[in-house]
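Undergrad: Input: one structure, supplied below.
The values are calculated or read from the model by the stated rules, or taken from the named source; none is laboratory data. From a predicted model like this one, the values you see are computed outputs, not experimental measurements. Glycine gets a Cβ as well: all are built from the backbone with ideal geometry, and neighbour counts include every protein chain shown. These accessible areas exclude ligands, DNA and RNA; they are computed on the full protein's heavy atoms, side chains included. Shrake-Rupley method; radii C 1.70, N 1.55, O 1.52, S 1.80 Å.
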Amino acid sequence: MTAADVRQPQGPASTPTPPIRRRGPSPMRRRENAAAYILITPFVVVFALFIVVPLVFSGYLSLFRDQLVGGTTFVAFDNYTRALTDSSFLTGVGRMAVFLVVQVPIMLGLALAFALLLDAGVLYLQRFIRLGIFIPYAVPSVIAALMWGYLYGPDFGPAAQIAKNLGISAPPFLSQHWMLGSIMNIVSWEFIGYNMIILYAALRSIPSELFDAAAVDGAGRVRTAWSIKIPAIRPAIILTAIFSVIGSFQLFNEPNLLRTIAPNVIGIDYTPNMYAYNLAFINRDSNYAAAIAFILGIVIMVASYSVQLSTQRKERAGR
């Protein structure tokens, strides 16, 4: 007998497994999905009409040029090449870069300091102080610029009047060398309260158990703020920094209004936004203005991403 003649015992015949039928969404689930689509439809429509369509149209305009001879002609990326060599545009971008490097750290530093003081509960009349710091944000930027323009006035401003009574020269707030600092002061006055509220809300959301543990370890208020509070609200700090970067390069109202009392200091190209506005609505060169707006948007994205990336690298290095 060979091994081939030995019959192996056979088990029971295996029955084929029936295919698994996947059930579709239940009627309740379908109703929930339909309700979700209905609720987001208004946002999608508004976003498409007021964000996507204008961006697409601006990108389309930036590829053309209106000429007296030949009318509108397709020039591809010539407007972008012209913008990258335009001294007026580049000077404005550089000026806003200086504004960003100097003003934003001061503004966020003061906002963080006020938020920490309010959260620590060491100030009297905290609600009144918090409201007083936040109120300037509720003042429209146009009103704020007009008010500070009056305060800066070399002839009628309070500082000029006090200096005149003291027999000294008035501070040249609206001079060539002081103008950027004067605008920084206005913007800081407007937005310290806004950033303080964001940081203060983040501080109030920190679990109290962390503070109890720090108190048991003997940490004082300064040590607790530096080692627990500030690291815990780092996402809020990054958010305010990104908002500040965007706002710095979009500066328009303040210098545009101060230009009426200091026309020899602030020109039409003082900021990139002012330059694009004057190109589009005064010079009627909307094609070139669209190209400048797109380049400015790219600069803002790069700057915002750089802030976020540098913060993430510091977090990884600290771990």
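Listed here are the residues, each with its yes/no results for (1) touching a helix residue (DSSP H, G or I) at 6+ places or on another chain (Cβ under 6 Å); (2) of a type in the set (S, T, N, Q).
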position	(1), (2)
ILE106	no, no
ALA115	yes, no
PRO136	yes, no
GLY149	yes, no
GLN161	no, yes
LYS164	no, no
SER169	no, yes
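Undergrad: Among the candidates ILE228, ILE238, ILE206, single out the residue that is open to solvent by less than 50 Å² (accessible area, probe 1.4 Å) and in a loop (DSSP other than H, G, I, E, B). Give the derivation first.
TA: Values: ILE228 fails: in a loop (DSSP other than H, G, I, E, B); ILE238 fails: in a loop (DSSP other than H, G, I, E, B).
None of the others qualify; the one that does is ILE206.
Undergrad: If VAL222 meets every condition in (1) open to solvent by 60 Å² or more (accessible area, probe 1.4 Å); (2) under 19 Å from THR311 (Cβ atoms); (3) of a type in the set (A, V, I, L, M, F, W, C) apart from one, which number is that one?
TA: Result: VAL222 fails condition (2) only.
Undergrad: Of the residues LEU61, LEU100, only one is among the hydrophobic types (A, V, I, L, M, F, W, C), in contact (Cβ under 8 Å) with a residue 24 or more places away in the chain and within 30 Å of ARG234 (Cβ to Cβ); which? Outline the logic, then answer.
TA: Details: LEU61 fails: within 30 Å of ARG234 (Cβ to Cβ).
Within the list LEU61, LEU100, the selection yields LEU100.
Undergrad: Residues of region 110-130 being open to solvent by less than 50 Å² (accessible area, probe 1.4 Å) and charged (D, E, K, R), which ones?
TA: ASP119
Yes/no per residue for (1) closer than 30 Å to ILE186 by Cα; (2) surrounded by 14 or more Cβ atoms within 10 Å (Cβ to Cβ):
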position	(1), (2)
ARG29	no, no
ALA36	no, no
PHE43	no, no
PHE57	no, no
LEU61	no, yes
ARG65	no, yes
TYR80	no, yes
GLY92	yes, yes
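Undergrad: Hey, another quick one. Among what's in region 131-166 and is open to solvent by 70 Å² or more (accessible area, probe 1.4 Å) and part of a loop (DSSP other than H, G, I, E, B), pick the residue that is nearest to LEU257 (Cα to Cα). Working first, answer last.
TA: Of region 131-166, the ones open to solvent by 70 Å² or more (accessible area, probe 1.4 Å) are 131, 135, 137-138, 140, 143, 146-147, 150, 154-156, 161-162, 164-166.
Still in the list and also part of a loop (DSSP other than H, G, I, E, B): 140, 154-156.
Details: PRO140: 13, PRO154: 16, ASP155: 18, PHE156: 17 Å.
Once the filter is applied, the top-ranked residue is PRO140.
Undergrad: In region 167-200, how many are small (Gly, Ala, Ser) and either open to solvent by 60 Å² or more (accessible area, probe 1.4 Å) or more than 27 Å from the chain's Cα centre (by Cα) (or both)? If you could, list the steps in order and put the result at the bottom.
TA: Within region 167-200, the first condition is being small (Gly, Ala, Ser), and the residues that meet it are 167, 169-170, 175, 181-182, 188, 193.
If we keep only those that are either open to solvent by 60 Å² or more (accessible area, probe 1.4 Å) or more than 27 Å from the chain's Cα centre (by Cα) (or both) too, we end up with 167, 169-170, 175.
Residues flagged as small (Gly, Ala, Ser) and either open to solvent by 60 Å² or more (accessible area, probe 1.4 Å) or more than 27 Å from the chain's Cα centre (by Cα) (or both) within region 167-200 amount to 4.
Undergrad: Which members of region 241-287 meet the condition of being over 25 Å from the mean Cα position of the chain (by Cα) and not in a loop (DSSP other than H, G, I, E, B)?
TA: Listed by number, the residues that qualify are PHE281, SER286, ASN287.
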